[in-house]
Each structure stands twice: as structure tokens, then as C-alpha cells.
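Student: Below are the C-alpha cells for one structure; questions will follow.
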Amino acid sequence: MAAACALVVTACATASGQSKKDVAKANVQLGTEYLQQGRLDLALENLEKAVKADPGSATARAMIAMLYARLGRDGSADENHRLAAELVSADTPDYGMVHNNYGTYLCDHARWSDAEEHFLAAAKSRLYETPEAAYENAGLCMLKAGQVQAAEGHFRSALALKPDMARVLFHMAQIHYDTRRYLLARAFIQRREAATQIDAPGAWLGLQI
């Protein structure tokens, strides 16, 4: 039934004389919904239609890049992430999403400095609704890269925007514990405990501190 609906929507969009951009937008919406449902075949079908209808759509490129990554098609994923980042306008809400997604992909492939660059581009976008998440992602990526000082800086930027980010508070406590700054570590783990119900790693770190 869902597949039939997708075909009907696409057919109606074309038949009603909508622009190629409108057809692309409709297919991006459908493709995204299928992607979230894990129905990758239908997601691919609709997102390919979106890119074909409007090759200059940064949103379509970004979404199909995420899908290609899930399918293990890294060459296509990287190409479409790169195109999305080049095409997206800085004065649109999608700017932050496109760069944050590309940063995530690059970090997953150990391209640390490139990933950090795109996370920060997302975080500094005035129209991005969750810049603190981009700073958090930058910090987590730098931790994976072994660049603890850079990670701490990004985590501080995230907390400046949203002071009760539990995962960031945990990592800040861990960083300070590892570097023997125990009073600061205790302060961060206490903030972590106040932010939300403590989990096992947080409780164990608190005991160690």
C-alpha cells in the first residue's frame, strides 16, 4: 500500500504541472520517510527520482548520501555529501543539517580534520536549530581522533549553548578525571547527575572521582 501511495503522489505531482523542484521535494519527503522506516529500496527509488528531477537540490543530495552510506556505497555517499555541501546556501535552514551530516560521515571514515570543519560550519550557521549538537559531534569526533584538548573546547562550546547536555557533561567529567583535575571532574559529574537519571558509566565514573 505504501509503495502504491508513493507512486500515486509522484504521478500526481508530475501530472498537475508542478515544477521539477516541487517533484524533487515530494520525493525527498517520501524517501526520507522510507529511510526512517528502514525501507531502503523504496527510499532509494524516491531519492533517485528527487535527484533526477532537481540535480541541484542540496537536500536531495544530502539524503541520498545518507542512504548510500547505509547501503555501503561509500563512493556515491561521499560524492553526494560533497555536492550537497557545495550546493547548499548558507542562508537556508538546511545548511546546518547538510554540514552536520557530512561531518558525521567523514568522522565515521576517520577523516578527522575534514569532519571537524563541517561540524563547525553547521554549529556556526545562524539558522541551524541545534548548533549545540554540532559542537557535541565535533567533540566526540575529536575524542575518537585522540585530540582531547580540541574535544574539550568543542564540548565547552556545546555547554555554553545548552548547559544540561548529559553526554557532554559525562565526557567533560571523564576528560578532567583522566587529566587528574579531580575537583573539576567532580563538578561536571554532579552536573551530569542533576541533568538526568544517572546511568551505569556515569555512576562508575562518579565513584572513581
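The values are calculated or read from the model by the stated rules, or taken from the named source; none is laboratory data. This is a predicted model, so every value here is computed, not measured. Methodologically, a virtual Cβ is constructed for each residue, glycine included, from the backbone with ideal geometry; neighbour enumeration extends over all protein chains shown.
Student: In the set 72, 31, which member is over 13 Å from residue 83 (Cβ atoms), in the same structural domain as residue 102 (by TED's automatic domain parsing), without any contact (Cβ under 8 Å) to a residue 24 or more places away in the chain and not hydrophobic (A, V, I, L, M, F, W, C)? Talk me through it step by step, then tell me what you get.
Tutor: Details: 31 fails: without any contact (Cβ under 8 Å) to a residue 24 or more places away in the chain.
Just a single option satisfies the conditions, and that option is 72.
Student: Having 3 or more residues that are within 30 Å of residue 147 (Cβ to Cβ) is the bar; report the helices (runs of 4 or more DSSP H) wholly within the stretch 12-116 that clear it. Please lay out each step first, then the result.
Tutor: On the way: elements: 20-37, 40-53, 58-70, 74-87, 94-108.
Once the helices (runs of 4 or more DSSP H) in the stretch 12-116 are filtered for at least 3 residues that are within 30 Å of residue 147 (Cβ to Cβ), what remains is 58-70, 74-87, 94-108.
Student: Still on this structure, please answer the following. If you scan the stretch 119-140, which residues turn out to be closer than 21 Å to residue 86 by Cβ, assigned to a helix (DSSP H, G or I) and touching a Phe, Trp or Tyr at 6+ places or on another chain (Cβ under 7 Å)?
Tutor: Selection gives 122, 123, 134, 137, 138.
So that you can scan it fast, the table gives a plain yes or no per residue for (1) assigned by TED's automatic domain parsing to the domain that holds residue 103; (2) over 24 Å from residue 130 (Cα atoms); (3) not aromatic (Phe, Trp, Tyr):
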site	(1), (2), (3)
152	yes, no, yes
176	no, yes, yes
189	no, no, yes
192	no, no, yes
197	no, no, yes
200	no, yes, yes
207	no, yes, yes
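Table: residues versus (1) on the phi < 0 side of the Ramachandran plot; (2) out of contact with any Gly (no Cβ under 7 Å at 6 or more places or on another chain); (3) crowded, with 16+ Cβ neighbours inside 10 Å.
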| residue | (1), (2), (3) |
| --- | --- |
| 67 | yes, yes, yes |
| 76 | yes, yes, no |
| 92 | yes, yes, no |
| 95 | yes, yes, yes |
| 98 | yes, yes, yes |
| 101 | yes, yes, yes |
| 106 | yes, yes, yes |
| 118 | yes, no, yes |
